[in-house]
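Student: Dropping a structure here in structure tokens format, bear with me for questions.
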Amino acid sequence: MDYPELYELVFQAPAVEDDVVVVHRTEASGAGGYPVYEDDTGIVRAEITPEGEVRMMASGGHQEPVPPLAVRRR
């Protein structure tokens, strides 16, 4: 299957405009078998299905990843 190289994850940020994070496809696969995407820092990580379903993944200890409001192919 052909997966997009980039997605935009849109998160709600308090008291400011929504926060948009661009993530790129990695060589890794998540628990569901779909590609893992991450931002340039490696902090924001998510498994994204072709239908746009997102499973956020912790990249370090004590994280509680929040699902995005929206996901957009880029």
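Student: Hey, could you get me the Stokes-Einstein D for the stretch 7-72, Kirkwood radius over alpha-carbon pairs, 10 °C and 1.306 mPa s, rounded to whole µm² s⁻¹?
Tutor: D, rounded to a whole number, is 131 µm²/s.
Student: Can you work out the accessible area per residue across the chain, with the rest of the protein chains kept in place, probe 1.4 Å, in square angstrom? Spell out each step's value before the answer.
Tutor: Values: 4930 Å² over 74 residues.
Result: 67 Å² per residue.
Student: Another question, then. Quick check: at a probe of 1.4 Å, how many percent of the accessible area of the chain sits on carbon and sulfur atoms?
Tutor: Here it works out to 49 percent.
Student: Identify, among Y7, I43, S29, the residue whose Cα sits farthest towards the positive end of the charge dipole of the chain, taking +1 on the Cβ of Lys and Arg and -1 on the Cβ of Asp and Glu, with the dipole about the Cα centre.
Tutor: Checked the options; the winner is S29.
Student: Relative contact order of the chain: what whole-number percent is it, with Cα pairs under 8 angstrom and at least 6 residues apart?
Tutor: Details: 143 pairs, mean separation 22.5, N = 74.
The normalised contact order for the chain reaches 30 percent.
Student: Top mean-square fluctuation among P14, P35, P50, Gaussian network model of the chain, C-alpha springs under 10 Å?
Tutor: Of the options given, P14 has the highest mean-square fluctuation.
Student: Further, regarding this structure: Need the C-alpha centroid separation for the stretch 51-74 versus the stretch 31-48, integer Å.
Tutor: If we compute the Cα centre of each part, the gap is 8 Å.
Student: I would also like to ask the following. Quick one: putting +1 on the C-beta of Lys and Arg, -1 on the C-beta of Asp and Glu, what dipole do you get for the chain around its Cα centre, in Debye to the nearest 20?
Tutor: The calculated dipole for the chain is roughly 120 debye.
The values are calculated or read from the model by the stated rules, or taken from the named source; none is laboratory data. As the structure is a prediction and not an experimental result, all values here were calculated from the model. Reconstructed Cβ throughout: ideal geometry from the backbone, glycine too, with neighbour counts over all protein chains shown. In case anyone asks, the SASA skips ligands and DNA or RNA and just uses the protein heavy atoms, side chains included. Shrake-Rupley method; radii C 1.70, N 1.55, O 1.52, S 1.80 Å.
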